[in-house]
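Input: a single structure, listed below in structure tokens.
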């Protein structure tokens, strides 16, 4: 990408090692794999104020030192994560935050390498996220 597209180079270090999306409607990810060469304590994915997202068949590396989780959602609505696979150990797979978070579903996949599949905080209610085996 040419350096004259300054907006891409002014962001600095992003808060996620793979994907950081904010203010998006209709995000779709399918059959993606996110890995790093060296351990990274940032989440793999952060969604902030995202609505109507579908994330299917993602494979992500976790990190037990990563805080707060491998995937973090803030004020995110109507989101489905299906067939996710955690490649390496992590404390939490999905952290949901913010009072605006609602109707987030984790459906299937292999999250056995996470100590906890999900956690909520910073104003999010326990009802904002549902896990289906």
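Remark: residue 31 matches the filter, which requires a residue to be farther than 15 Å from residue 102 by Cα and at pLDDT 95 or above.
Taking the conditions exactly as written (touching a strand residue (DSSP E or B) at 6+ places or on another chain (Cβ under 7 Å), crowded, with 16+ Cβ neighbours inside 10 Å, in a loop (DSSP other than H, G, I, E, B) and in contact (Cβ under 8 Å) with a residue 24 or more places away in the chain), does residue 124 satisfy them or not? When the stated conditions are applied, residue 124 passes them.
For every residue, the table says whether it meets (1) surrounded by 19 or more Cβ atoms within 10 Å (Cβ to Cβ); (2) modelled with pLDDT under 95; (3) within 13 Å of residue 55 (Cβ to Cβ); (4) in contact with a helix residue (DSSP H, G or I) (Cβ under 8 Å, 6 or more places away or on another chain).
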position	(1), (2), (3), (4)
78	no, no, yes, no
83	no, no, yes, no
88	no, yes, no, no
91	no, yes, no, no
97	yes, no, no, no
103	no, no, no, yes
108	no, yes, yes, no
115	no, yes, no, no
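Candidates are the residues of the stretch 41-58 that are surrounded by fewer than 21 Cβ atoms within 10 Å (Cβ to Cβ) and closer than 16 Å to residue 91 by Cα; the one that is farthest from the chain's Cα centre (by Cα) is 41.
The values are calculated or read from the model by the stated rules, or taken from the named source; none is laboratory data. Because the structure is a prediction, the values reported are computed rather than measured. When we count neighbours, we look across all protein chains shown, and the Cβ atoms used for this are built from the backbone with ideal geometry, even at glycine.
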